[in-house]
Amino acid sequence: MKEIVVWSGGADSTCILNRLAKKSSKQNPVSVYVITTNGDVIKQKKELEARTQLLKEFKKRGYHIQKRNIDLNGYSIAKNQPITWLCGLMPYLQTYEDCNIHFGYIYEDSFWHMREHFVNAFYSLFKMSLTQVKYELFFDLEWTHKNEVLAELKNAKLLHLIWTCEPPTKTERACGKCDKCKELRENK
Ligand SMILES: [Zn+2]
């Protein structure tokens, strides 16, 4: 069974990746799918740097992770992250191996309002691929709150490596004012 994490490099998906990566081995690496879309150039640069640092750290810890980039830059799909992710993932799903696919939505996310549609759309689209393999969707953090995610990352000594600021400054620093910066400050 292959484990796939849809990974942004932010706190929530990194928390799941860390849990799964601990159980990884050379024979059974965890896959991360990184979906990038057009947006703030500095923010993208900082997120990329954070992912690179995290992967370096995971490697140092002896974890086995395979990364796949899905670049949706230039494609206008939807102003809605779950829909964009769903569309981005579909063409890249492997059809020769059973997979568990993990999403880092947490208790506070608005995703739950569209969960049913998302799951239905996923399985309907996947059925069209006429494959015999099984895919199962996991929302590991459904009942987990942001402060718990941040505490887990802090415990794992990973919190300082993530990038969450939404509108970084021109000098590539965290703004210190957005909700994500506030969350981090409160849980440092
Ligand atoms: Zn900020």
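Laboratory data are not the source of any read-out in this text; all were calculated from the coordinates shown. Predicted, not measured: the structure shown is a model, and the values here were computed from it. For neighbour counting, all protein chains shown are included, and Cβ atoms are generated from backbone atoms with ideal geometry for every residue, glycine included.
Computed from Cα atoms, the angle from the helix 115-128 axis to the main principal axis of the chain rounds to 40 degrees. Dividing the summed helix terms, -39500 (n - 2.57) for each DSSP H run of n ≥ 4, by the number of residues in the chain produces a 222 nm estimate of -12000 deg cm²/dmol to the nearest 500.
Taking a Cβ cut-off of under 14 Å around Thr52, the surrounding Lys, Arg, Asp and Glu residues balance to a net charge of +4, with basic ones at +1 and acidic ones at -1. Largest GNM mean-square fluctuation across Gly74, Gly104, Gly62, computed for the chain with C-alpha springs under 10 Å, falls on Gly74. By the beta-carbon count within 10 Å of each Cβ, the least crowded to most crowded order of Ser124, Ser129, fewest first, is Ser124, Ser129. Bridging of Lys157 to aspartates and glutamates at a Cα separation below 20 Å is possible for Asp12, Glu47, Glu49, Glu57, Glu148, Glu183, Glu186, once same-chain residues fewer than 8 apart are set aside. Along the Cα-to-Cβ line of Ile77, 7 Å from the Cα, sits a label point; which residues in region 42-70 have backbone N less than 13 Å from it? 69-70, by backbone N distance to the label point. Among Cys178, Cys165, Cys87, the residue with the largest mean-square fluctuation in a Gaussian network model of the chain, with springs joining Cα atoms closer than 10 Å, is Cys178.
Considering all different alpha carbon pairs of region 2-187, the Kirkwood hydrodynamic radius works out to 17.3 Å. Among the GluC sites (Glu not before Pro) in region 103-179, those placed in a DSSP loop whose Cβ has at most 16 other Cβ atoms within 10 Å are Glu108, Glu142, Glu172. Mean separation of Cα pairs under 8 Å and 6 or more residues apart, divided by the residue count, gives the chain a relative contact order of 28 percent. Classify region 85-137 as rounded, prolate or oblate, taking a ≥ b ≥ c as the square roots of the eigenvalues of its Cα gyration tensor: rounded when a/c is under 1.5, otherwise prolate if a/b is larger than b/c and oblate if not. Prolate shape, in that a/c is at least 1.5 and a/b is the bigger ratio. Over all other residues within a Cβ to Cβ distance under 14 Å of Ile162, the charged ones net out to +3, with Lys and Arg as +1 and Asp and Glu as -1. Among the chymotrypsin sites (Phe, Trp or Tyr not before Pro) in region 102-156, those placed in a DSSP loop whose Cβ has at most 16 other Cβ atoms within 10 Å are Tyr107, Trp143. Pairs exceeding 21 Å between alpha-carbon atoms, taken from Lys79/Lys177; Lys23/Lys56; Lys26/Lys154; Lys43/Lys182; Lys23/Lys43: Lys79/Lys177; Lys26/Lys154; Lys23/Lys43.
Each DSSP beta bridge with both residues in region 2-187 is either parallel or antiparallel, and the antiparallel ones are about 0%. Considering only Gln132, Gly9, Phe122, the residue lying farthest towards the positive end of the dipole of the chain is Gly9, judged by Cα position with unit charges set on Cβ.
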